[in-house]
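*Asks:* A single structure is presented below for examination.
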Amino acid sequence: MSNNILDLYKFGKVSLNETFNQLFSSKAKEKILKGQEDNSENIKSILIELNDLIGLANVKELVKEIIAFVEIQKRRKNENMLTEPIVLHMIFRGNPGTGKTTVARIIGRLFREMGVLEKGHIIEVERADIVGEYIGHTALKVKQQIKKAIGGILFIDEAYSLARGGEKDFGKEAIDALVKSMEDYKDNLIMILAGYEYEMDVFLRTNPGLKSRFPIHVDFKDYTTNELIEIANIMAKQRQYKLTNNAIMKLKQLLTTYNDSYNSGNARLVRNIIEKSFRKQALRLKKQSYISKKDLLDIKAEDIEGNDNY
Amino acid sequence: MKKSIIIGKSNVGKTLFMINFAEFLGLEKIYIIQEFPDGKKLNREMSIEAAREYLSSSSKYKTQCIQSIDISIPVYKGKKEIKIMDTSGLIDGIHPDISIRSGIIQTLERLHTCDIIIHIIDVSLLTQGILLSQIDRQIIEYGISRRGYILLANKIDLDKAKIGLNKLKKDYEEVYILPMSALYKTGLDEVKAFVIRSI
Ligand SMILES: Nc1nc2c(ncn2[C@@H]2O[C@H](COP(=O)(O)OP(=O)(O)OP(=O)(O)O)[C@@H](O)[C@H]2O)c(=O)[nH]1
Ligand SMILES: Nc1ncnc2c1ncn2[C@@H]1O[C@H](COP(=O)(O)OP(=O)(O)OP(=O)(O)O)[C@@H](O)[C@H]1O
Ligand SMILES: [Mg+2]
Ligand SMILES: [Mg+2]
């Protein structure tokens, strides 16, 4: 183990800090040093970050519930009272770009500060990362990903695709291996299965055992057009740009035309359009002989353009 | 023989401290063993002046391997030999140069086998806004969990160093922090006393 981490460091795969931690620090030590106070400060600032996300009211509510639950169970434990097991595996249902990954990251950090997870990082995988091509391959692949995720969250995108392919497919083997590691690392690993609402429902119906192991279900609703506009405004502001009124109108129009079930309410689409608009603005300004500060700031309607990739 | 290791970020004064500490303990010449990451060993003998000139430098990553000297230190009526190891400078994250990372790995491999850890920081860099880097905090954490750990707040001779020292002391009440100057050779007496106590 320890030689392994030194090799990873040698080849530039992990930071010195991570390496040092693995070699020399124990959980207990970390906790003593962190101290209660500055910890609750961190929790506060992570919660602010969560609250600043547009929409997602039900998600925010649920996170608050979980925090309260974990804290009360801790208190009860301190008083030597009976405690409920804290099982925090989750199912995220929702369309692409509805904030699933963003929320998972925030939850990971939150859990680290709360002492639920040691590291709180997230490892995102999909079918190809954990399903192998021959016998034994799958178990190996799962093991590798689990190893990376220990202390944090294993986030499985489009999880329903594991059940695809019928009897002979190794997806089933992957599910079994995942379930086993859930038990093996039950105190230091959280799994999140994510995917479209309908597909996830079918998936869980065909695997009743799974459903009970993932007690927390979170729905990520599509963003409304207005929410998407707000998200766009924030994204622009964070990078010191500003959408003009005309640009906002154009974006609105564009978002309505994309309003098929796959792309509706999709913040990732917005991000791509906004990022592209920065480049288009640059191109436009280069043709000008004089560029004012306001020019540098403003994203105009002509900079907003959809992309056929979506 | 008891082993001590000098660790810290690059350019904090590890090498200069080792040389001047050796001089303070009465050496006129040093025999230094350099052990390179690829396994090569080099023994060199030089005067204290030459050591200062050739081994310590104002540019970073001057030291790129473990280099050690053996010193005898007076204990009670007798003397005791100790090994002092100077090491490559540490840096947060992933340094882009593999040879520097290899030097750092040598330090990580030996750290737990050492009886005494002399952790050096450049306290003049710690003005009120800037905090200790993460690796320094990690070393402190590790240090206070075991015996024989000392934190040297080096370059106390520089302006602003006092501000940094006060802040450091406030943040780490449980750590033995010793202000000193490797350059002007102040505080070496206390380091000597600490070493004697720890062996
Ligand atoms: N003002 C002042 N300068 C110092 C002191 N100690 C070291 N220096 C200077 O800091 C620079 C670095 O010293 P080194 O001894 O080479 O530092 P190091 O930690 O061994 O650095 P690397 O081996 O290169 O990682 C040199 O220019 C020293 O003269 C001190 O106490 N006061
Ligand atoms: N509520 C929000 N407020 C602000 N930005 C958001 C919000 N939700 C998502 N975003 C931004 O939208 C982008 C896509 O979000 P994210 O990757 O979390 O979606 P996802 O549901 O995981 O999508 P996929 O299923 O395609 O991976 C990110 O850049 C994120 O920062
Ligand atoms: Mg995602
Ligand atoms: Mg040096």
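*Asks:* Yes or no: the range B:28-36 includes at least one residue that is closer than 22 Å to A:Phe20 by Cα and either surrounded by 18 or more Cβ atoms within 10 Å (Cβ to Cβ) or within 19 Å of the chain's Cα centre (by Cα) (or both).
*Replies:* The initial filter retains those residues of the range B:28-36 that are closer than 22 Å to A:Phe20 by Cα, namely B:35-36.
If we keep only those that are either surrounded by 18 or more Cβ atoms within 10 Å (Cβ to Cβ) or within 19 Å of the chain's Cα centre (by Cα) (or both) as well, we get B:35-36.
Yes, that holds for at least one residue.
*Asks:* Here is a further query. Within the range A:132-160, how many residues are basic (Lys, Arg), more than 24 Å from A:Thr206 (Cβ to Cβ) and in contact (Cβ under 8 Å) with a residue 12 or more places away in the chain? Break it down stepwise before answering.
*Replies:* The first filter runs over the range A:132-160 and keeps only residues basic (Lys, Arg), leaving A:141, A:143, A:147-148.
Those still in the list that are more than 24 Å from A:Thr206 (Cβ to Cβ) too: A:143, A:147-148.
Pick out the ones that are also in contact (Cβ under 8 Å) with a residue 12 or more places away in the chain and you get A:143, A:148.
Going through the range A:132-160 one residue at a time, the tally reaches 2.
Conditions (1) touching a Cys at 6+ places or on another chain (Cβ under 9 Å); (2) open to solvent by 60 Å² or more (accessible area, probe 1.4 Å); (3) at pLDDT below 95; (4) more than 13 Å from ligand 4 (Cβ to nearest atom), marked per residue:
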position	(1), (2), (3), (4)
B:Tyr61	no, no, yes, no
B:Ser88	yes, no, no, no
B:Ile94	no, yes, yes, yes
B:Ile104	no, no, no, no
B:Glu109	no, yes, yes, yes
B:His112	no, yes, yes, yes
B:His119	no, no, no, yes
B:Ser124	no, no, yes, yes
B:Gly129	no, yes, yes, yes
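*Asks:* Quick one: which of B:Ala50, B:Ala22 is at pLDDT 95 or above, of a type in the set (Gly, Ala, Ser) and surrounded by fewer than 20 Cβ atoms within 10 Å (Cβ to Cβ)? Walk me through how you get there before you give the answer.
*Replies:* Numbers: B:Ala22 fails: surrounded by fewer than 20 Cβ atoms within 10 Å (Cβ to Cβ).
The match here is B:Ala50.
*Asks:* Kindly list the number of the only condition in (1) within 13 Å of ligand 2 (Cβ to nearest atom); (2) at pLDDT 90 or above; (3) outside any loop (DSSP other than H, G, I, E, B) that fails for A:Tyr223.
*Replies:* Every condition holds for A:Tyr223 apart from (3).
*Asks:* Only one of A:Ala194, A:Ala267, A:Ala282, A:Ala247 is more than 30 Å from A:Gly151 (Cα to Cα) and touching a residue at least 24 places away in the same chain (Cβ under 8 Å). Can you tell me which? Full working, then the answer.
*Replies:* On the way: A:Ala194 fails: more than 30 Å from A:Gly151 (Cα to Cα); A:Ala267 fails: more than 30 Å from A:Gly151 (Cα to Cα); A:Ala282 fails: touching a residue at least 24 places away in the same chain (Cβ under 8 Å).
On inspection, the qualifying residue turns out to be A:Ala247.
*Asks:* While we're looking at this one, here's another question. Going through the range B:136-157 one residue at a time, which ones are open to solvent by 20 Å² or more (accessible area, probe 1.4 Å) and in a helix (DSSP H, G or I)?
*Replies:* B:Arg137, B:Glu141, B:Tyr142, B:Ile144, listed by residue number.
*Asks:* Does the range B:64-80 contain any residue that is within 15 Å of ligand 1 (Cβ to nearest atom), open to solvent by less than 10 Å² (accessible area, probe 1.4 Å) and in contact with a Ser or Thr (Cβ under 7 Å, 6 or more places away or on another chain)?
*Replies:* So the first thing to find is which residues in the range B:64-80 are within 15 Å of ligand 1 (Cβ to nearest atom), and the list is B:64-69.
Okay, now just the ones that are also open to solvent by less than 10 Å² (accessible area, probe 1.4 Å), so B:65-69.
Checking which are in contact with a Ser or Thr (Cβ under 7 Å, 6 or more places away or on another chain) leaves us with B:65-66.
Within the range B:64-80, one or more residues are within 15 Å of ligand 1 (Cβ to nearest atom), open to solvent by less than 10 Å² (accessible area, probe 1.4 Å) and in contact with a Ser or Thr (Cβ under 7 Å, 6 or more places away or on another chain).
*Asks:* Has the range B:185-194 got at least one residue that is in a helix (DSSP H, G or I), of a type in the set (Val, Ile, Thr) and open to solvent by 20 Å² or more (accessible area, probe 1.4 Å)? Talk me through it step by step, then tell me what you get.
*Replies:* First, the residues of the range B:185-194 that are in a helix (DSSP H, G or I): B:188-194.
Adding the requirement that they be of a type in the set (Val, Ile, Thr) leaves B:191.
Checking the rest, the ones that are also open to solvent by 20 Å² or more (accessible area, probe 1.4 Å) come to none.
No: the range B:185-194 contains no residue that is in a helix (DSSP H, G or I), of a type in the set (Val, Ile, Thr) and open to solvent by 20 Å² or more (accessible area, probe 1.4 Å).
*Asks:* Shifting gears a bit: For the range B:160-168, check the following and say yes or no: at least one residue is within 14 Å of chain A (Cβ to nearest Cβ) and either at pLDDT 90 or above or over 20 Å from B:Gly13 (Cβ atoms) (or both).
*Replies:* Taking the range B:160-168 first, the residues within 14 Å of chain A (Cβ to nearest Cβ) are none.
No - not one qualifying residue is present in the range B:160-168.
*Asks:* Please find, among B:Ile100, B:Ile135, the residue that is in contact with a helix residue (DSSP H, G or I) (Cβ under 8 Å, 6 or more places away or on another chain) and within 21 Å of B:Thr15 (Cβ to Cβ). Steps first, please.
*Replies:* Working: B:Ile100 fails: in contact with a helix residue (DSSP H, G or I) (Cβ under 8 Å, 6 or more places away or on another chain).
Testing whether each residue is in contact with a helix residue (DSSP H, G or I) (Cβ under 8 Å, 6 or more places away or on another chain) and within 21 Å of B:Thr15 (Cβ to Cβ) leaves just B:Ile135.
*Asks:* Let me ask you something else. I'm trying to understand the selection: among the residues of the range B:164-184, which are open to solvent by 70 Å² or more (accessible area, probe 1.4 Å) and farther than 18 Å from B:Glu23 by Cα?
*Replies:* In the first step, residues of the range B:164-184 are kept if they are open to solvent by 70 Å² or more (accessible area, probe 1.4 Å); the result is B:166, B:169-171, B:173-174, B:176, B:183-184.
Within the range B:164-184, B:Asn166, B:Lys169, B:Lys170, B:Asp171, B:Glu173, B:Glu174, B:Tyr176 qualify.
*Asks:* Among the numbered conditions (1) touching a residue at least 60 places away in the same chain (Cβ under 8 Å); (2) in a helix (DSSP H, G or I), tell me where A:Asp176 comes up short.
*Replies:* (1)
*Asks:* Given the conditions (1) in contact with a Gly (Cβ under 8 Å, 6 or more places away or on another chain); (2) within 14 Å of ligand 3 (Cβ to nearest atom), which single one is not true for A:Pro96?
*Replies:* (1)
*Asks:* Here's another thing I want to ask about it. From the list B:Ile135, B:Ile163, B:Ile144, pick out the single residue that is in contact (Cβ under 8 Å) with a residue 24 or more places away in the chain, over 26 Å from B:Ile196 (Cα atoms) and under 17 Å from the mean Cα position of the chain (by Cα). Steps first, answer last, please.
*Replies:* Working: B:Ile163 fails: under 17 Å from the mean Cα position of the chain (by Cα); B:Ile144 fails: over 26 Å from B:Ile196 (Cα atoms).
Of the residues listed, the single one that is in contact (Cβ under 8 Å) with a residue 24 or more places away in the chain, over 26 Å from B:Ile196 (Cα atoms) and under 17 Å from the mean Cα position of the chain (by Cα) is B:Ile135.
*Asks:* Just give me the residues in the range B:112-123 being assigned to a loop (DSSP other than H, G, I, E, B) and touching a residue at least 60 places away in the same chain (Cβ under 8 Å), in sequence order. Steps first, please.
*Replies:* The first filter runs over the range B:112-123 and keeps only residues assigned to a loop (DSSP other than H, G, I, E, B), leaving B:112-115.
Those that are assigned to a loop (DSSP other than H, G, I, E, B) and touching a residue at least 60 places away in the same chain (Cβ under 8 Å): B:Thr113, B:Cys114, B:Asp115.
*Asks:* On to the next question. Which of the residues that make up the range A:280-290 are outside any helix (DSSP H, G or I) and either of a type in the set (S, T, N, Q) or under 20 Å from A:Asn246 (Cα atoms) (or both)?
*Replies:* Taking the range A:280-290 and keeping what is outside any helix (DSSP H, G or I), we get A:287-290.
Across the range A:280-290, the qualifying residues are A:Gln288, A:Ser289.
*Asks:* Right, A:Val103: of a type outside the set (Asp, Glu), open to solvent by less than 40 Å² (accessible area, probe 1.4 Å) and more than 16 Å from ligand 1 (Cβ to nearest atom) or not? Break it down stepwise before answering.
*Replies:* Working: of a type outside the set (Asp, Glu): yes; open to solvent by less than 40 Å² (accessible area, probe 1.4 Å): yes; more than 16 Å from ligand 1 (Cβ to nearest atom): yes.
So A:Val103 passes the test.
*Asks:* So how many residues does the range A:153-173 have that are closer than 13 Å to A:Val125 by Cα and not in a helix (DSSP H, G or I)?
*Replies:* Residues flagged as closer than 13 Å to A:Val125 by Cα and not in a helix (DSSP H, G or I) within the range A:153-173 amount to 6.
*Asks:* Still on this structure, please answer the following. May I ask you to say which residue of A:Ile192, A:Ile146 is outside any strand (DSSP E or B) and open to solvent by less than 40 Å² (accessible area, probe 1.4 Å)? Explain how you work it out, then say what you get.
*Replies:* Values: A:Ile192 fails: outside any strand (DSSP E or B).
After ruling out the rest, the residue left standing is A:Ile146.
*Asks:* Just the residues that are open to solvent by less than 30 Å² (accessible area, probe 1.4 Å) and assigned to a helix (DSSP H, G or I), please, taken from the range A:179-189.
*Replies:* Across the range A:179-189, the qualifying residues are A:Val179, A:Ser181, A:Met182.
The values are calculated or read from the model by the stated rules, or taken from the named source; none is laboratory data. This is a predicted model, so every value here is computed, not measured. Every residue, glycine among them, receives a Cβ derived from its backbone with ideal geometry; neighbour counts consider all protein chains shown. We work out accessible area using only protein heavy atoms, side chains counted, and drop any ligands, DNA or RNA first. Shrake-Rupley method; radii C 1.70, N 1.55, O 1.52, S 1.80 Å.
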